[in-house]
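The values are calculated or read from the model by the stated rules, or taken from the named source; none is laboratory data. These numbers were taken from a predicted model, which means no experiment stands behind them. Don't worry about glycine lacking a Cβ; one is built from the backbone with ideal geometry, like all the others, and counts go over all protein chains shown.
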Amino acid sequence: MSRAVTVDLKLWAALRQKIRRGEVAPVYLLEGPERFLKDQLIRTLEETLATRGTVCCERLEGGALEPERLSEALLASSIFDPVKLVLLEDLPRLSAALDERLAALIPRLPPSHYLVLLDDLPAQRGEKKARSRSAAEQRGERLFFRHLYEREAIAWLAEQAHLDGFLLSEEVAAEMVARVGTDLGRLRRELDKLETFLGQEKKAILLEHVEKATGHSVSRTIFALVDALGDGNGPQALDLARALFAQGESPVYLLSLLARQFYHLLLTRAGQKAGLREEELAAFLGHPAPFLLRRYLEQVRHFPASYLEQALTLVCRSEYRIKAGLAPLPEEEVYTLLSLLATASPFSPPPRPADRREKGKK
């Protein structure tokens, strides 16, 4: 089975134009964590299908689905609704038996029926549902929606404000991304909040407006949390996590940010080892905002590559456990993980000086 096509803003716009022209695939498999772009693509699909007749839209949950209900949703037609759109959420939670059934039903979709499979996990973590994914690829398109890089999110945010009639400088947009992260849905909600805060008068959005209308910087809190882990300060790491939860952040979102942070630190370490200059390193990291690059360079000095690699593995494992329903108490899963990361126990300690001398004698 081939890998999904990674969607950036340019490809996303092209996909929407393609759907608006009526070039609609019977099946779309939408993977990855960037939900806002997926939802906008689905909305475009609904609008296009509505031009062909009344649309019956059904939404199913992968973790609570009966076999008969799946078959009925995909195959049954109605004389009152000539077009049917089925959205199947949470594909990774589909049982093995239902995955087999879904794979068998996809080739039998009636011509007026359309199916969207949604998986918010990174693509490589859902490969166990290979049968349904392969069937979806054969009949339609498989797309992976990553979170945007900082520079992309900053440009997107400034453009959104311009379309709304507001002026948002790159500096202020960068501050919003630093506070909120690169999740476009969250950025759009914060922009709506700011525009409401400023009222009907269209004008520039300033740093002082951002400070009044938005919460604490999520990006800076993640840096502080990773700093606490590097210092072995478990209590401080837990306090920072609790503060983010109190602010309304979800455990999965916190873990996705942690994974992204460790990944960028690993890339920074690899770039330094390869002898990249700072501008080359910025390109290697996807052109992050300058202040973020400085923080990566400062923070990476405190972590050996072995710690970063194993920390990333543990964070991704906890994120998967929560998304797959294997962790009944998601916040406790995060607290346990942070306590583990703040100690030396999950990682191989460096050899003691005596060990080195003994190795030299041998």
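For this structure, a couple of remarks:
- For segment 177-189, the set of residues classified as in contact with a Gly (Cβ under 9 Å, 6 or more places away or on another chain) and either over 17 Å from ALA155 (Cβ atoms) or charged (D, E, K, R) (or both) consists of ARG179 only.
- Of the candidates GLN247, GLN236, the single residue that is free of Cβ contacts under 8 Å to residues at least 40 places away in the same chain and over 21 Å from the mean Cα position of the chain (by Cα) is GLN236.
- ALA327, sole failed condition from (1) over 30 Å from GLN272 (Cβ atoms); (2) in a helix (DSSP H, G or I): (2)
- Residue in segment 303-312 that is assigned to a helix (DSSP H, G or I), surrounded by fewer than 19 Cβ atoms within 10 Å (Cβ to Cβ), in the same structural domain as PRO251 (by TED's automatic domain parsing) and of a type in the set (A, V, I, L, M) present: yes
- Taken as a whole, the structure leaves SER318 outside the set of residues that are farther than 20 Å from SER250 by Cα and either at pLDDT 85 or above or not in a helix (DSSP H, G or I) (or both).
- Selection count, segment 260-288, where residues are surrounded by fewer than 21 Cβ atoms within 10 Å (Cβ to Cβ), among the small types (Gly, Ala, Ser) and in a helix (DSSP H, G or I): 3
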